[in-house]
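Student: Quick one: this structure, given as structure tokens, is what I'll be asking you about.
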Amino acid sequence: MLEVRGLTKHFPVGNGLFGAGAGTVRAVDDVSFSIDAGETFGLVGESGCGKTTVGRCVLRLVEPTAGAVLFEGEDLVVLGREALRRRRRDMQIIFQDPFASLNPRMRVRDIIEEPLVIHGIGARPERRARVRELLDEVGLASDSGERYPHEFSGGQRQRIGIARALALKPKLIVADEPVSALDVSVQAQIVNLLQDLQREYGLTYLFISHGLAVVEHISSQVGVMYLGRMVEIAPAMSLYANPQHPYTKALLSAIPNPDPDEHRDRIVLTGDVPTPLNPPSGCRFRTRCPSPSRIAQMWSRNSSRSRRIIGWHATLWRGLSAPEVSPNPPTETVVRTGVPPTFQILHAERMRGDAMSQDSPPGQSPDHGAAQPTPLPSRLPAKY
């Protein structure tokens, strides 16, 4: 249904009176994933990691800097204005804030009817009938259409937002933290509603959230983002049962445990999240990793001469024996998913020899002293 390839979004930042360039915010960097029809893909990560930007780039509410977004085989990034407008009938979004996403000057019936008017679907009596049908589907009284948004609670407003998203009978819905602003009991109602609608209409969801428990409940696959990059993708059951990336482990350890008698070790990350204006090269999590590898540190020495691995370097490299390592790796090696089974590393690329030499102390040859890191493998073991 949806395939995202190398999605990148950079925001130039101005500085001073005349807006001279102060740098570039790397909000999303080389993110790739795919969603099958009828599936829910959960996208998680802490605030500011780029989750919402990914969702908006998928719908081209924000124009991507680079990459491809294939929806049913068609690249949305290259579509013209009219072609994109027609395609958007199949793609809708549920916004995070149920208070700000509804026009306070419009009646609810007009809010839900607006997508039908924009796309010229049906006559007015048919559209009004469709509005009543949608209100009933999301659990609101049919006479709710005559009222204004301020007359509803937060959960009811989010139901209105869901009804608006369903108006055009889309195939894909980007749910941008649809329950984060709601009480826990109301969250459960909205999540159950989304699942019921998915079963009834065969909807496909990109479900963005920082609520890990909610994502576990609703998702079939989960992607974890950190500082604009995807660090791990796995089926939901596998990821929650056996996380591989250190950042994923730290996130899952923060989920509140309702059983007071069950002890669970909390992984507390030290330091601050690096700025996306100047993110660490190599593995972006290395500055906060509880057990950073020397490989990750060395790979970050010179981003202009060494390439990066998306994922945790040490996991892959420790799993390879000497005969499986090529002394002359190719310029680019694409590492397939499943190393280990729930861990995904993408676009493993060659690190040049001059970057390796920079890891040695001044005046010391890279062939002496501390052991040098193993070169990047050109292939994976046959069992993978």
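The values are calculated or read from the model by the stated rules, or taken from the named source; none is laboratory data. Quick caveat: nothing in here was measured; it's all calculated off a predicted structure. All Cβ positions, even for glycine, are placed from backbone atoms using ideal geometry, and neighbour counts span all protein chains on display. Remember, those area values only see protein heavy atoms, side chains included, never the ligands or the DNA or RNA. Shrake-Rupley method; radii C 1.70, N 1.55, O 1.52, S 1.80 Å.
Student: Sort out which residues of segment 164-193 are under 24 Å from LEU2 (Cα atoms) and among the polar types (S, T, N, Q), and write them in order of number.
Tutor: Scanning segment 164-193 gives a single hit, ASN192.
Student: Tally the residues that are under 12 Å from LEU43 (Cβ atoms) and open to solvent by 30 Å² or more (accessible area, probe 1.4 Å), restricting the search to segment 215-253.
Tutor: 1
Student: Would you confirm, using the coordinates I've provided, whether ASP136 is of a type in the set (D, E, K, R), free of Cβ contacts under 8 Å to residues at least 40 places away in the same chain and either farther than 20 Å from ASP110 by Cβ or assigned to a loop (DSSP other than H, G, I, E, B) (or both)?
Tutor: no
Student: Sticking with this structure for a sec: Can you name the residue in segment 194-234 that is part of a strand (DSSP E or B) and of a type in the set (Gly, Ala, Ser) and is also farthest from the chain's Cα centre (by Cα) among such residues?
Tutor: If we take residues in segment 194-234 being part of a strand (DSSP E or B) and of a type in the set (Gly, Ala, Ser), then ALA234 is farthest from the chain's Cα centre (by Cα).
Student: Separate question: How many residues, within segment 102-118, are over 11 Å from ARG164 (Cα atoms) and of a type outside the set (Lys, Arg)?
Tutor: 5
Student: Do you know which residues across segment 36-49 are buried (at least 22 other Cβ atoms within 10 Å of the Cβ) and at pLDDT 90 or above?
Tutor: Hits for segment 36-49 are THR40, PHE41, GLY42, LEU43, VAL44.
Student: Checking ILE112 against (1) part of a helix (DSSP H, G or I); (2) within 29 Å of SER34 (Cβ to Cβ); (3) touching a helix residue (DSSP H, G or I) at 6+ places or on another chain (Cβ under 6 Å); (4) of a type in the set (A, V, I, L, M), which single condition isn't satisfied?
Tutor: (2)
Student: Could you identify the single residue in VAL28, VAL69 that is under 20 Å from GLY223 (Cα atoms) and touching a Lys or Arg at 6+ places or on another chain (Cβ under 7 Å)?
Tutor: Sole residue among the options that is under 20 Å from GLY223 (Cα atoms) and touching a Lys or Arg at 6+ places or on another chain (Cβ under 7 Å): VAL28.
Student: Please name all residue pairs, on different chains or six or more residues apart, with Cβ atoms under 6 Å, provided the first residue is in segment 179-201 and is open to solvent by 80 Å² or more (accessible area, probe 1.4 Å) and the second residue is among the hydroxyl-bearing types (Ser, Thr, Tyr) and outside any helix (DSSP H, G or I).
Tutor: none
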